[in-house]
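Here the structure comes first, spelled out in structure tokens, and everything after it is commentary.
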Amino acid sequence: MAHIQLKNIVKRFGNVFAVRDFNLEIQDKEFVVFLGPSGCGKTTTLRLIAGLEHPEIGDILIDEHRVNDMSPADRDIAFVFQFYALYPHLTVYENIAFPLKAVKVAKPEIDVRVRKVAQILQITEILDRKPGVLSGGEMQRVALGRAMVRQPKVYLLDEPMANLDAKLRIDTRAEIKHLHHEIGATTIFVTHDQVEAMSLADRIVVMHQGVLQQVGTPYEVYNRPKSLFVAGFMGMPSMNLLDAQLTSDQGNTVLQIDHTDAVLDLSHEQKSKLNAIKEKNGYVLGVRPEHVRVSREAVGRKIVSDVHLIEPLGAVNILDLSLGIHPETQESIVLRVRTHPTFKVDIGEKVWLDFDDEQMHLFDRDTEMGIW
Ligand code: ATP
């Protein structure tokens, strides 16, 4: 049982705010992923929970007890770092058994637990080896095994797969998911890889410059980003973010993408949301590459563009479409779209587009917060 609460946490290093007014509640057995670019405060937040750093302001509660002054050893937390520091002179078996020996668990009990963990992690065959002869992936599993064998209340995993190659990362990701399902302990996992975050998390915590930007299920942060930062960070290729203005077309309020002829009709619901707020200085329209419909015929579509670049990725193609030219920078205003590989088109060809109404996002250009 481990229910974690972070209340108004502030942590500074000199004049750098690593964590700013951070509030988060993590439920028992939840798998939460801290996601954000390098330096956004993920590791610091994890270290605060582990007791390796102390908050300047705020409270940390585990199972309703304030643990600010509790030592790391008393918090019953297992921490796996990016760099798995295994004891080189001990075998894999001894490395995994080490935390149990340290708290004087009886030998037969240690043996049962080490072998069970080794079986789950599929490292039984290498229990007699020393770390020096193991591959990166094997060492990673041993480090995970050493954390799992303790059966702590909470697992804190800080980029535990950073040193693995792409294929092993995907395999280990699946394993971690499976392990969490079996063990069910509260887990906080740090990564800057959004695919990893999407695939593992019950909820993702998106961070930027020490500030919590959004907490939600993978579906929510991907499909309902609350800010421009979250919108731009989630997704590969990322969401198209285009400056836009509201204008009037024969008395009808429409959205025009700046420096282009692209004009979008708004739904009744979108208009009423706009009516409910004060008029803004400018807007940013967000649309994901997979939510643009592309056709070689004009039928039913108003936006026309040129194909600028084609990237065939196997299962899909990514097209860069030019919607216009920025008058000051002379750069193309590019919209990236995803098409099926059977959609044949050449560079320089004209295509017609429309956007999925339900999947358009609008942000306030000044506050960078979402309007819909
Ligand atoms: P990464 O993905 O690169 O590991 P992160 O999101 O985990 O980054 P943190 O390591 O938490 O970020 O760092 C947040 C900020 O705090 C950064 O600006 C970092 O330079 C600073 N910082 C972290 N630890 C210390 C420290 N011990 N002394 C000084 N500054 C620190």
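The values are calculated or read from the model by the stated rules, or taken from the named source; none is laboratory data. Given the structure is predicted, the values throughout are model-derived calculations rather than measurements. Glycine also receives a Cβ, built like all others from the backbone with ideal geometry; neighbour counts cover every protein chain displayed. With ligands, DNA and RNA removed, areas are computed over all heavy atoms of the protein, side chains included. Shrake-Rupley method; radii C 1.70, N 1.55, O 1.52, S 1.80 Å.
Taking square-rooted eigenvalues a ≥ b ≥ c of the alpha carbon gyration tensor, is the chain rounded, prolate or oblate, where a/c under 1.5 means rounded and, failing that, a/b exceeding b/c means prolate? Numbers along the way, then the final one.
Values: a/c = 3.04, a/b = 1.87, b/c = 1.63.
Note, shape of the chain comes out prolate.
Give a quick list of trypsin sites (Lys or Arg not before Pro) in region 1-103 that DSSP marks as loop, anything other than H, G, I, E or B, with at most 14 other Cβ atoms within 10 Å.
Passing sites in region 1-103 do not exist.
Report the relative contact order of the chain, percent, no decimals, based on alpha-carbon pairs under 8 angstrom and at least 6 residues apart.
Details: 733 pairs, mean separation 56.9, N = 372.
Relative contact order for the chain comes out at 15 percent.
Taking 19 Å as the cut-off for C-alpha to C-alpha distance, list the pairs among LYS101/LYS177; LYS116/LYS177; LYS153/LYS177; LYS29/LYS177 that go past it.
Distance filter (> 19 Å) returns LYS101/LYS177.
Local charge sum around THR124 (other residues, Cβ-Cβ under 14 Å, Lys/Arg +1, Asp/Glu -1)? Intermediate values should be presented prior to the final figure.
Values: positive: ARG113, ARG115, LYS116, ARG129, ARG141; negative: ASP111, GLU125, ASP128, GLU138.
So the environment of THR124 carries a net charge of +1.
Could you provide, to the nearest whole Å², the per residue accessible area of region 242-371 with probe 1.4 Å?
55
If ILE170, ILE9, ILE120 are ordered by their accessible area, calculated over protein heavy atoms with a 1.4 Å probe, which sequence runs from highest to lowest?
Putting ILE170, ILE9, ILE120 in descending order of accessible area: ILE170, ILE120, ILE9.
What number, in percent, do you get for the relative contact order of region 175-225 if the mean sequence gap of Cα pairs under 8 Å and at least 6 apart is divided by its residue count? All intermediate terms of the calculation are to be shown ahead of the outcome.
On the way: 35 pairs, mean separation 11.3, N = 51.
For region 175-225, the relative contact order is 22 percent.
How large is the helix-only mean residue ellipticity at 222 nm for the chain, computed as the sum of -39500 (n - 2.57) over DSSP H runs with n ≥ 4, divided by its residue count, in deg cm²/dmol to the nearest 500?
About -7500 deg cm²/dmol.
In the neighborhood of LEU24, defined by Cβ-to-Cβ distances under 10 Å, what is the net charge if each Lys or Arg adds +1 and each Asp or Glu adds -1?
Net of charged neighbours comes to +1.
Explain nothing, just the number: dipole magnitude of region 46-150 about its Cα centre with +1 on each Lys and Arg Cβ and -1 on each Asp and Glu Cβ, in debye rounded to the nearest 20.
It works out to roughly 540 debye.
Percent of accessible area on the chain owned by carbon and sulfur, 1.4 Å probe?
Carbon with sulfur: 51 percent of the solvent-accessible area.
Whole angstrom only: what separates the Cα centroid of region 247-278 from the Cα centroid of region 9-44?
Cα centroid of region 247-278 versus Cα centroid of region 9-44: 38 Å apart.
Tally Lys/Arg at +1 and Asp/Glu at -1 over every other residue whose Cβ is under 13 Å from the Cβ of GLU182; what's the total?
With Lys, Arg at +1 and Asp, Glu at -1, the neighbours total +2.
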